[in-house]
């Protein structure tokens, strides 16, 4: 559905995107992850034909976003960052206006508007001005607009920003419901959001692609192991260096123990190796466990590696 | 076509969703009324060979209204959408850049035309009390309205261009006013040029808006003036389109 090759965007001397390449298959829910200024919104604006890239290619459904913007726009439903809406319109009037822009047939428009209002849970505020709605409702109106024309690709820039936990949960359910029927691209810097809603993740940092792939595969790399051994801090640090299991953090604990956390960026289970090594040294071992991998671990280790390399 | 109609309707409705449109209408209504009172009190008891429309356009009221109100009408067209962020939703919907530019221009022009409707009523009042049909002939009314519309086309396109350049409505209004005033006062120099035939004087005469309007207000359709207004309108719409398109330049 999406093919991006060597996408670069310069704003004057500032490089917002630097040779980013990735692809998204039809029906996938893909998370775009990165800190503020990573290039997520820029990529989304290029994919939705709002701006052009300085170089590189981007295709949506086989259509080039630079050469065939009109065809691409018919395929997408887009909720931009901060979900800008005209505050002087009623919800139903706004969706009616958007339905006309998206060329929904007159007879079907009203039916479809009611459908998306039900789906996004805004039917009860259909007659209210958007300016009078809470942020959560506005967010859902923005999503209703994105879904209106049953687009092949739905692009949501920070869809849960500023929502309370209940609203976040309902948006999350809505996004999961879209999987399979639509291709969904979501950006967020809230890791748990991406973790719970996406099959795949594309991680950007400083305009560059840090990682891209199936969530499970990437998670397997965030395979941290924790061991607590009875020894001195200096010996523990030396031991961690010898083991060479990626970045290690050692912290002294009460009772003469040292808590060691091994980043372990391989997919192997290294607990046996650690146990054998501690046993060989005659160090009492009171904890050895694999941490439940989180995207946060992956993100931190990836960005730290990048910063360290620069 | 339905997309264009929807966009124009949205533009027009935006004027009436808040107080802005009504404030503009009230201000213009007051200025037109004041202008007519001044014109009529000046003519009171005097015979004049000129149609009332020509006398009205000869005063400063028409031009003051045009120069002040035109940028206020157009300032929101692009600048407000940019400032609020709705510009991004609009330009990523399946609509073309030209559709957006022309719909904003058309919406502003229709609102502008609505503003001048009281002028017809004022003309009708004069005709009713004077009792002479020669004072205001339908042909003169038609050509005057055409003139008002053509000069409106030029000023709306110019205002849209100014609005497309910025995300700040105040900046859009001030720059629109500056462009409009520059155009008006360039032509104004023709009054000082007299019979001089140097290129500067000729240019001043050619771009003189009061000169062009005068023929319309006398009941004459001056083809040169029609081409002048139409070509400048097209030029500023083209510039506006280029500004809108520039977001997608590499």
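The values are calculated or read from the model by the stated rules, or taken from the named source; none is laboratory data. Here the structure is a predicted model, which means the values were calculated and not measured. Using ideal geometry, Cβ is built from the backbone for each residue, glycine included, and neighbour counts are taken over all protein chains shown.
Every residue, every condition in (1) assigned to a loop (DSSP other than H, G, I, E, B); (2) surrounded by 21 or more Cβ atoms within 10 Å (Cβ to Cβ); (3) in contact with a strand residue (DSSP E or B) (Cβ under 6 Å, 6 or more places away or on another chain); (4) assigned by TED's automatic domain parsing to the domain that holds residue A:278, yes or no:
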site: A:234; (1), (2), (3), (4): no, no, no, yes
site: A:237; (1), (2), (3), (4): no, no, yes, yes
site: A:242; (1), (2), (3), (4): no, no, no, yes
site: A:255; (1), (2), (3), (4): yes, no, no, yes
site: A:259; (1), (2), (3), (4): no, no, yes, yes
So the helices (runs of 4 or more DSSP H) completely within region A:69-136 holding 2 or more residues that are farther than 28 Å from residue A:187 by Cβ are A:91-101, A:106-119
Can you tell me which residue among A:58, A:52 is without any contact (Cβ under 8 Å) to a residue 60 or more places away in the chain, within 14 Å of chain B (Cβ to nearest Cβ), outside any helix (DSSP H, G or I) and more than 20 Å from residue B:99 (Cα to Cα)? A:58
Looking only at region A:61-103, how many residues end up being within 14 Å of residue B:248 (Cα to Cα), surrounded by fewer than 18 Cβ atoms within 10 Å (Cβ to Cβ) and more than 7 Å from every other protein chain (Cβ to nearest Cβ)? 4
Against the definition (within 20 Å of residue B:152 (Cβ to Cβ), surrounded by fewer than 13 Cβ atoms within 10 Å (Cβ to Cβ) and more than 15 Å from the chain's Cα centre (by Cα)), how does residue B:223 come out, yes or no? yes
Reported set for region A:158-192 where residues are part of a helix (DSSP H, G or I) and within 27 Å of residue A:3 (Cβ to Cβ) is A:174, A:175, A:176, A:177, A:178, A:191
